[in-house]
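Encoded as structure tokens, the structure appears first; notes follow it.
The values are calculated or read from the model by the stated rules, or taken from the named source; none is laboratory data. On a predicted model such as this, the values are computed, not experimentally measured, just so you know. Here Cβ is always computed from backbone atoms with ideal geometry, including for glycine, and neighbour counts include all displayed protein chains. Ligands, DNA and RNA are stripped out before the accessible areas are found, and what is left, the full protein with its side chains, is counted by its heavy atoms. Shrake-Rupley method; radii C 1.70, N 1.55, O 1.52, S 1.80 Å.
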Amino acid sequence: MSATAATDASRGKSALPEVLLRPGREKSLLRRHPWVFSGAVAAAPDLPPGEPVAVRASDGRLLATGFLSPASQLRVRVLSFDESTPADLSLVRRRVEAAAALRAPLWDAQRRSAMRLVHGESDGLPGFVADRYGPVICVQLLCAGFQRLRDAIGPMLLDLFPDVSAVIERPDAKALAREGLPPRQEAELLAARPGADTAAIRRVLVNFGGSRRLVDTFCGQKTGTYLDQAENQIAVGALASGRDVLDVFCCDGGFTLACLRGGAKSVLSVDSSAPALEALAENLALNGLDGDARCETTRADAFEFLRKLRDSRRSFDLIVLDPPKLAETKVRAEKACRAYKDLNLLCFKLLRPGGLLATFSCSGAVDPALFRAVVAEAACDAGRDAKTIRFFSQSPDHPVALSFPEGLYLKGLLCAV
Ligand code: SAH
């Protein structure tokens, strides 16, 4: 098709209801960024949440297709920049197939049988997250468009993945509220193969981060557990030999297990969640590490616990600091940075000379440069000369589309003092 013909076609009537942009607000879409904010919209059709729409620039060009979220600041999530491709189940299916193909080289039943299958925008599916734990896929449907397709998504995934026996939804109450949808929190079975063993679906044995892990697909944090640290757990575990380790915000123990397996002299692990620590105990047993005298776990608030350790003059050779998302939005980034600084400062004080701090932030609103600056200030205030010897990021099953830098949320530094 000639350029003129393409332009003519894209000025024609779309088969879909159309969202019209204000003048000048098409720029981000032209850069293939998949979000249309409410402030960019001049007119939108009156449709139920999640309906497919086309997006038209003020000069008449059709730019994209996506899902309408009438109640959300993110008014349209774009699935395709080809205006003739409607945002429907067959497009979602093709995108999931592409996402699975991208990850095929990473999958290895012996070493890596849990991974993120779909990472939202970066896999061309804004608001759709799918994590695979062996024979189970846990999804989060974070926008109205995917909620509208909810009943079809389970069967579609079973059809695509013959070795998957169940699909579970782990609703995110905050995301549903932002979409103006009724809040739900409880996990729900979306689809299962006939005769699937329901107990086996709930508690799945997998391998990742260098260890065997039991994942509670209905109640574990997020979609069951955190997969984004898998590679970093292996990297940190390889540094643990002969060291006294402190694992702060240990959750179900990915770093703790890796460090014990890596030959740590001792590991002290802290988290405020009782279920997370129960999961950690189960994971220790699964890896033949139950009753290992090197490992001590504590249920406590990390901010208070670090102060107690400081006051009792404890010290460590390797500290892992992996807090939850402290900044939900850019507006909260400043307050979050004070918390990151507090935590990092305490950890720098607890490090012995020659010690290592693996420090992380999973707040997308705190970018890598800001995080580095906060950690640098913390080291300075702790009176430590620290250097970064490694930069960490999220595991490669969490890709970042070049057009969507927001997809990069996990960053970390390995600092030596
Ligand atoms: N390091 C883990 C992931 C940590 S997620 C991994 O590699 O998989 C963040 C953890 O912080 C969660 O387990 C949560 O229970 C815990 N948490 C949240 N607030 C806390 C607090 N104030 N003190 C201690 N733990 C906390």
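Key figures
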| quantity | calculated |
| --- | --- |
| Whole-Å distance, taken between Cα centres, linking the stretch 87-109 and the stretch 384-415 | 24 Å |
| Percent of beta bridges antiparallel (DSSP, the chain, rounded to nearest 5) | 65 percent |
| Nonlocal amide H pairs with residue 191, under 5 Å, H built at 1.01 Å | 167 |
| Relative contact order, percent, the chain [alpha-carbon distance under 8 Å, six or more residues apart] | 10 percent |
| Estimated 222 nm signal from helices in the chain, with DSSP H stretches of n ≥ 4 weighted -39500 (n - 2.57), rounded to 500 | -9000 deg cm²/dmol |
| For the stretch 277-355, with +1 on Lys and Arg beta carbons and -1 on Asp and Glu, the positive-most of 305, 280, 343 along the dipole | 343 |
| Reciprocal mean inverse distance between Cα atoms of the chain - Kirkwood radius, Å | 22.8 Å |
| Label-point separation in nm, residue 332 to residue 390, each point 7 Å along Cα→Cβ | 3.0 nm |
| Residue-wise HN-Hα coupling along the stretch 183-193, computed from phi with Karplus coefficients 6.51, -1.76, 1.60 (Hz; x: Gly, Pro) | x, 9, 10, 6, 5, 9, 6, 8, 6, 8, 6 |
| 22 Å Cα cut-off, lysine pairs counted over the chain (separation 8 or more, or different chains) | 26 |
| Packing rank of 43-51, 401-409, 110-118, where each peptide gets the mean count of other beta carbons within 10 Å, highest leading | 110-118, 401-409, 43-51 |
| Of all accessible heavy-atom area on the chain, the percent that carbon and sulfur account for (1.4 Å) | 53 percent |
| Spherically averaged projected area of the stretch 69-146 from its Cα convex hull (nm²) | 5.7 nm² |
| Where the chain is the region considered: accessible area per residue in Å², 1.4 Å probe | 43 Å² |
| Mean Cβ neighbour count within 10 Å, used as a protection proxy, ranking 196-204, 306-314 highest first | 196-204, 306-314 |
| HN-Hα J in Hz across the stretch 29-35 - Karplus 6.51, -1.76, 1.60, θ = phi - 60°, x for Gly and Pro | 5, 5, 8, 6, 7, x, 10 |
| Backbone N under 20 Å from the residue 281 label point (7 Å along Cα→Cβ), restricted to the stretch 301-325 | 301-302 |
| Hz values of 3J(HN,Hα) by residue in the stretch 298-313 - Karplus curve (6.51, -1.76, 1.60), Gly and Pro given as x | 9, 8, 6, 6, 5, 4, 6, 5, 5, 5, 4, 4, 4, 5, 8, 6 |
| GNM top mover of 263, 120, 209 - the chain, alpha-carbon springs below 10 Å | 263 |
